[in-house]
Amino acid sequence: MKKIVGLLAVSFLFFPAASYAASGFVEEVPTKWRLQDYIPHVVVWFTSASQCPNGQLNLPSTASADLIERFWSTVMTAKVTGKKIGVTYDSSSCTITDYYLKED
């Protein structure tokens, strides 16, 4: 029994607890946002994401061209119509994890 307990105790050294990234959230009309295309990456500047330098948010490096185009289109639609866009992001890396266009 002591050997099993010892093995379990040692196994925690090799399998650390999962770390979860803190998430941030902004919901605003993106009139002040600047979209910048650093091919193949898109960066959003001047959001109200206070944890990120200059409000910078990034799409994941694995984002497909379709996702980039949809995001760009969603932001531009919100700018033109004055609707809010909501963005959830990983506050440690400032990477966008989810977004939506608020319909009301």
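Every number here is computed from the coordinates shown, using simple stated rules; none is lab data. The structure presented is a predicted model; accordingly, all values stated were derived computationally and were not measured. A quick note on method: Cβ atoms are made from the backbone with ideal geometry, for glycine too, and the neighbour counts reach across all protein chains shown.
Charging the Cβ of each Asp and Glu at -1 and of each Lys and Arg at +1, and nothing else, the dipole of the range 22-101 about its Cα centre rounds to 280 debye. Our estimate of slack between SER73 and ARG34, defined as 0.36 nm per intervening residue step minus the Cα-Cα distance, is 12.7 nm. Dipole orientation for the range 22-101: of the candidates ILE96, PRO60, GLY86, GLY86 has the Cα lying most toward the positive pole (charges on Cβ; Lys, Arg +1; Asp, Glu -1). Taken as Cα centroids, the range 69-101 and the range 45-59 sit 11 Å apart, rounded to the nearest whole angstrom. What the Kirkwood sum gives for the range 22-101 is a hydrodynamic radius of 12.3 Å, with every pair of different alpha carbons counted.
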